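Please read the structure below before turning to the comments.
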Amino acid sequence: MPKDIIPNYPKDITYNDPSEFEYLTKEEQDILLDWCDLILKMSTINTKHTSYGLKHLFSRSRDGFYISNGTFKGAMLKLGFKYATTNSGINWMFNISEKSLKQLVARDR
């Protein structure tokens, strides 16, 4: 999928609502879910990464494309990840394995 693909978001979204995942096409959803599914779940929340930073890692990945913060949150919820909010309440942190995330980023270089 070309990197210049931008999901067809309506003009009035907040870019932080997990329901924005539903605006992706089935193909876009599958690509995002497949990428996120390569990150292993842990029992505790990893505070080193937020949804905002992770969405950028995805967009720079081999098959990545632009997504909103909310879209990334929605994908992680679909896969059963737990989350905690940052102090601002906008970004989320997830129960992700640091090791598996580093391996995924290295794979996408």
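Quick note: the coordinates plus some simple rules give every number you see, no bench work behind them. In this text, all values refer to a predicted model and were calculated from it rather than measured experimentally. We place every Cβ from the backbone using ideal geometry, glycine too, and count neighbours over all the protein chains shown.
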Discussion item. Sequence gap at least 6, Cα distance under 8 Å: using those rules, report the relative contact order of region 61-109 to the nearest whole percent.
Written reply: 38 percent
Worksheet item: Using Cα pairs under 8 angstrom and six or more residues apart, how large is the relative contact order of the chain, in percent?
Response: 38 percent
Response to the item:
Once Lys and Arg are counted +1 and Asp and Glu -1 for all other residues with Cβ under 14 Å from that of THR50, the total becomes +2
Worksheet, complete the sentence: The summed charge of the GLY80 Cβ neighbourhood (under 14 Å; Lys/Arg +1, Asp/Glu -1) stands at +3
Worksheet, complete the sentence: Taking only the alpha-carbon atoms of the chain, the convex hull volume per residue, in cubic angstrom, is 90 Å³
Item to complete: Please compute the net charge surrounding ALA106, taking Lys and Arg as +1 and Asp and Glu as -1 over other residues with Cβ under 13 Å from its Cβ.
Response: +4
Item to complete: May I ask you to list the residues of region 85-109 whose amide nitrogen lies under 20 Å from a point 7 Å from Cα along the Cα→beta-carbon direction of SER43?
Response: 94-101
